[in-house]
Amino acid sequence: MNKIPEKIQIREDGSISVPDVPIIPYIEGDGIGPDIWRATRAVLDAVVKKAYGGKREVLWKEVLAGDKAYQQTGERLPSETLEALKEHVVAIKGPLTTPVGKGIRSLNVTLRRGLDLYACVRPVRYFKGSPSPVKRPEDMDMVIFRENTEDVYAGIEWPEGSKEAIRLIEFIKNEMGQDIRPDSGIGIKPISRFCTQRLVRKAICYAIDTGRPSVTLVHKGNIMKYTEGAFKDWGYELARAEFPDQTITEQELWEDYNGVQPEGKVVIKDRIADAMFQQVLLRPREYSVLALPNLNGDYISDACAAQIGGLGMAPGANIGDGFAIFEATHGTAPKYTGLDKVNPSSLILSGAMMLEYLGWKEAAREVFSALEAAIAKKRVTYDLARQIEGATEVKCSEFAASIIDSL
Ligand code: NAP
């Protein structure tokens, strides 16, 4: 094969154009990052080769961030890194340390803001043989779309006793007639129509493109009416305005279709967040795509991941308009740095999500079946080995080799 590597491009309609040999930047990550990235890269290269026999290939391009960047450049996130990520559209990254301390912004947050990656997307599905605390983990098959830029997570907050907090408390008392205890810290919870609707649009488009039956708007609008409640209302409004032929509400499903889902329609539902935590445990089969504001989305992603083998098995991506960075949902697990010990599945599955995003669906499917076959051999990393009866613990690199052998 003698193909020229090219950059992925964003078309005018926001979709991406992917060459046969795309250049894809990667950030190795801190802590366990190098171990899981090495394993992931080996698996992704092997599946692409198997699926396309050399017709397609990824040209990996390292970009620096985190500890490695700091050692080499004195900066944790050099501006060239952000530029390279913009230029190449799609990237994959290992976890990055957030140094603890005042005034230090998380590199992950900076990357998400820099590329306006407003949707955190986390598919949660069960791989046969993985340990699970529930009786029927195979019923869990959801894709979570969590808003990534707003809510109490926006970082607009002031500590107790600060002049800003005191000023706000006085303003709210004098101008709005509401009492807040003077010894309070204050955080602001903005949720806008614009950010809600672009997130819900992405979730509905995903459901339509992948043939998923429903999108559920999860919110706490019974209490927080003008933020969470508005999230729900704006979600329905968008579905009605932009997808009138492809969506119906749950109410219409019962009133007009007697509860039988018509072909080609996505049902838009809504659920109160606390009830939803029960639903994902008791009736997971009734849910498919979820769209949530930032905070609840964070909580529910981990609660769902716990049912299918934990964080080590949970992939994720941060996606904007064309731009996307794929990453494991867990952190740098610093105590395991350099031990070649941890489970690489989360990053490998994030890589599979990336292949799907490129439209390389055959290669993504290869990842899923090979991973399942490797787990079935019961030669797994420590986190799975301690929960699977009769399993033998293997290293991170050995587990990756076993996945490749299973192709
Ligand atoms: P963490 O790195 O996710 O690790 C917590 C625990 O989860 C580990 O001790 C380990 O549990 C388990 N775990 C994580 N990854 C695993 C894997 N691949 N295989 C098996 N088990 C795994 O969380 P943390 O210790 O709270 O955070 C450490 C650093 O990571 C912090 O600096 C944080 O800011 C950063 N972080 C970065 C990202 C990101 O880059 N996206 C995300 C989250 C956190 P056991 O101890 O039970 O073995």
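The values are calculated or read from the model by the stated rules, or taken from the named source; none is laboratory data. Note that the structure is a prediction, hence the values are computed from the model and not measured. So basically every Cβ, Gly included, is an ideal-geometry build from the backbone, and we count neighbours across all protein chains shown.
Computed quantities for the displayed model
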{"read-out": "Failed condition for I300, given (1) assigned to a helix (DSSP H, G or I); (2) more than 16 Å from the ligand (Cβ to nearest atom); (3) surrounded by fewer than 22 Cβ atoms within 10 Å (Cβ to Cβ)", "value": "(3)"}
{"read-out": "Subset of the stretch 317-337 (residues that are touching a Gly at 6+ places or on another chain (Cβ under 9 Å) and within 27 Å of P99 (Cβ to Cβ))", "value": "F326, E327, A328, T329, H330, G331, T332, A333, P334, K335, Y336, T337"}
{"read-out": "Options A230, A241; residue that is surrounded by fewer than 18 Cβ atoms within 10 Å (Cβ to Cβ), over 18 Å from P123 (Cα atoms) and among the aliphatic types (A, V, I, L, M)", "value": "A241"}
{"read-out": "Residue satisfying all of: in the stretch 255-285; of a type in the set (D, E) and either in contact (Cβ under 8 Å) with a residue 12 or more places away in the chain or outside any helix (DSSP H, G or I) (or both); nearest to P137 (Cα to Cα) among these", "value": "D274"}
{"read-out": "Residues within the stretch 156-171 that are closer than 21 Å to I191 by Cα and touching a residue at least 24 places away in the same chain (Cβ under 8 Å), tallied", "value": "3"}
{"read-out": "Residue match in the stretch 149-172 (condition: out of contact with any His (no Cβ under 6 Å at 6 or more places or on another chain), within 30 Å of A376 (Cα to Cα) and either away from the ligand (no atom under 16 Å from the Cβ) or part of a strand (DSSP E or B) (or both))", "value": "no"}
{"read-out": "Of residues in the stretch 311-358 being charged (D, E, K, R) and touching a residue at least 40 places away in the same chain (Cβ under 8 Å), the one nearest to the ligand (Cβ to nearest atom)", "value": "E327"}
{"read-out": "Criterion violated by T149 - all others in (1) surrounded by fewer than 19 Cβ atoms within 10 Å (Cβ to Cβ); (2) at pLDDT below 95 satisfied", "value": "(1)"}
{"read-out": "Every residue from the stretch 60-96 that is without any contact (Cβ under 8 Å) to a residue 24 or more places away in the chain, acidic (D, E) and in a helix (DSSP H, G or I)", "value": "E80, E83"}
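Let's see how each residue does on (1) at pLDDT 95 or above; (2) at negative phi:
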{"site": "G312", "(1), (2)": "no, yes"}
{"site": "L358", "(1), (2)": "yes, yes"}
{"site": "A363", "(1), (2)": "yes, yes"}
{"site": "G390", "(1), (2)": "no, no"}
